[in-house]
Amino acid sequence: DLDLFDRQDFGGVNKMKWIKMPENVGFVIDGLPHGVDLMRWLTGSEVKTVAGFSRTFIPGRQVEDTTAGIMEFTNGAVCTVNTSCAVPGPYPGEYSRYSIIGTDGLLDMDPFGELHISNRKDGWRLVATQPKVGWESAETAFGDARMKAYREQMQSFIDGIHGKPMQAGSGADGRAGLAACLGMLTSTRERRLVELA
């Protein structure tokens, strides 16, 4: 119904009014759970303790738009996170960036750009480049470079429904990522560490 579309009775296209509503809780819920998923997968362990420091910088916004957090994992790994939708302009790696430092080397990954690794023996080096997503139009933003992962994820969910092994995360994985993010907001509000595991 084009009249419905023109009146924007459903909230309008790209309005995303929900993201500013108190019921949304904050940007950390939108911006960080997948990062928590990745860190759980990479470390092979669960988030044990979180601390967070959240603020709202965008005028008129009723919920958090910026969080700095720390996660301690059950295997002893420590992870720092920063997530914000209040940045004043674009910068390299603005959508997502992971820097992982281990005992024998490090990894610096922009999931929408380059993957570098480094160690004492071989130094800093580029090992992979993600094909450009092309955010500027629907034709490129939803092209094969980006949508292949979504197709594979949907196939994994379908496999799970049919009793086959799944490659995608489970509901428990989703809840674990969300619990870490909510824990950071609790930490901010109550000025304390929050134990999860």
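Can you find a residue in the range 37-46 that is in contact with a helix residue (DSSP H, G or I) (Cβ under 6 Å, 6 or more places away or on another chain) and among the acidic types (Asp, Glu)? Lay out the reasoning, then the answer.
Residues of the range 37-46 in contact with a helix residue (DSSP H, G or I) (Cβ under 6 Å, 6 or more places away or on another chain): 37.
Then drop every residue that is not among the acidic types (Asp, Glu), which leaves 37.
For the range 37-46, residues in contact with a helix residue (DSSP H, G or I) (Cβ under 6 Å, 6 or more places away or on another chain) and among the acidic types (Asp, Glu): present.
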Any residue in the range 8-17 that is at pLDDT below 90 and under 19 Å from the mean Cα position of the chain (by Cα)? yes
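Please find, within the range 89-107, the residue that is modelled with the lowest pLDDT out of those that are closer than 18 Å to His34 by Cβ and either among the small types (Gly, Ala, Ser) or assigned to a strand (DSSP E or B) (or both).
Checking each candidate, the answer is Gly93.
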Taking first residues from the range 136-162 that are β-branched (Val, Ile, Thr) and second residues anywhere that are surrounded by 10 or more Cβ atoms within 10 Å (Cβ to Cβ) and in a loop (DSSP other than H, G, I, E, B), the pairs with Cβ under 9 Å that are 6 or more apart or on different chains are Thr140/Lys132; Thr140/Val133; Thr140/Gly134; Ile158/Lys164
Of the residues that sit in the range 70-88 and are free of Cβ contacts under 8 Å to residues at least 24 places away in the same chain and part of a strand (DSSP E or B), which one is farthest from Val47 (Cα to Cα)? Asn82
Enumeration of residues in the range 116-135 that are within 21 Å of the chain's Cα centre (by Cα) and either surrounded by fewer than 14 Cβ atoms within 10 Å (Cβ to Cβ) or under 16 Å from Met39 (Cα atoms) (or both): Ala128, Thr129, Pro131, Lys132, Trp135
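Those residues that are in a helix (DSSP H, G or I) and of a type in the set (Val, Ile, Thr), I need them from the range 38-69; list them, please.
Taking the range 38-69 as the starting set, the residues that turn out to be in a helix (DSSP H, G or I) are 38-43.
The one that is in a helix (DSSP H, G or I) and of a type in the set (Val, Ile, Thr): Thr43.
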For the range 35-67, which positions are among the acidic types (Asp, Glu) and either surrounded by 21 or more Cβ atoms within 10 Å (Cβ to Cβ) or touching a Cys at 6+ places or on another chain (Cβ under 7 Å) (or both)? Glu64, Asp65
Within the range 169-186, of all residues that are surrounded by fewer than 21 Cβ atoms within 10 Å (Cβ to Cβ) and within 14 Å of Ser45 (Cβ to Cβ), the one modelled with the lowest pLDDT is Asp173
Please pick out the residue among Asp108, Asp104 that is surrounded by 14 or more Cβ atoms within 10 Å (Cβ to Cβ), more than 15 Å from the chain's Cα centre (by Cα) and without any contact (Cβ under 8 Å) to a residue 60 or more places away in the chain. Asp108
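The values are calculated or read from the model by the stated rules, or taken from the named source; none is laboratory data. Just so you know, these numbers come straight off a predicted model, no measurement behind them. Note that we place each Cβ from the backbone using ideal geometry, even for glycine, and neighbour counts take in every protein chain shown.
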